[in-house]
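What follows is one structure encoded as structure tokens, with my remarks underneath.
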Amino acid sequence: DAKVGVDPPYLRISVESEGKSISIYNVPSAPPISPSSLERRNALLSLLSQEIQPQASSTILLGDLNTSPWSVFFKDFIRQSGLKDSRLGQGLRVSWPSWFPVGMIPIDYCLSGSDFETASVETLSIKGSDHLGLLCELSVP
């Protein structure tokens, strides 16, 4: 399902694996460059947490959320959605801006529900991007 009635739009894909439904979200968010873009990002996080929470255990969310893991908005999103950050126990894995290594922060995410365990998380260079990519390997225990 492409969610185009929100700003910015996001994508949710549902797949079946061994008789279980898994929801995978690809979420971009507005860069926080103005008060209105901050409001849009925070509204998106709130909307997503409400949508994800009922099926959080079988959900994966990937995307540039334009917020750090220390942000109160991110912490609220994690608490309300029921997802967990794949970085836990894997190191900080900073992702932006790739052109300024000493000032990089983690704003790109692989979040997952309780049905998944993180096997590994790595960053990788993406030609032409100011972000590093995240390569996350998730497993089902």
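The values are calculated or read from the model by the stated rules, or taken from the named source; none is laboratory data. Note that the structure is a prediction, hence the values are computed from the model and not measured. Glycine also receives a Cβ, built like all others from the backbone with ideal geometry; neighbour counts cover every protein chain displayed. The protein model used for the area step is the full one, side chains on, heavy atoms only, and it has no ligands, DNA or RNA in it. Shrake-Rupley method; radii C 1.70, N 1.55, O 1.52, S 1.80 Å.
Before moving on, here are some points about what is shown:
- Test result for E18, more than 23 Å from H131 (Cα to Cα) and open to solvent by 50 Å² or more (accessible area, probe 1.4 Å): yes
Here is a yes/no grid of residues against (1) touching a helix residue (DSSP H, G or I) at 6+ places or on another chain (Cβ under 8 Å); (2) of a type in the set (S, T, Y); (3) open to solvent by 40 Å² or more (accessible area, probe 1.4 Å):
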site: K84; (1), (2), (3): yes, no, yes
site: R87; (1), (2), (3): no, no, no
site: I105; (1), (2), (3): no, no, yes
site: A119; (1), (2), (3): no, no, yes
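- Evaluating S71 against the criteria (1) in contact (Cβ under 8 Å) with a residue 24 or more places away in the chain; (2) crowded, with 16+ Cβ neighbours inside 10 Å leaves one unmet condition, (1).
- Within the stretch 37-59, the only residue that satisfies the criterion of being closer than 24 Å to M104 by Cα and either hydroxyl-bearing (S, T, Y) or at pLDDT 95 or above (or both) is S37.
- Residue match in the stretch 110-121 (condition: touching a Gly at 6+ places or on another chain (Cβ under 6 Å), closer than 30 Å to K20 by Cβ and either among the aromatic types (F, W, Y) or part of a strand (DSSP E or B) (or both)): no
- Against the list (1) over 19 Å from P28 (Cα atoms); (2) open to solvent by less than 30 Å² (accessible area, probe 1.4 Å); (3) not acidic (D, E), the condition P97 fails is (1).
- Yes/no for S36 being in contact with an Asp or Glu (Cβ under 8 Å, 6 or more places away or on another chain), in a helix (DSSP H, G or I) and either in contact (Cβ under 8 Å) with a residue 24 or more places away in the chain or not hydrophobic (A, V, I, L, M, F, W, C) (or both): no
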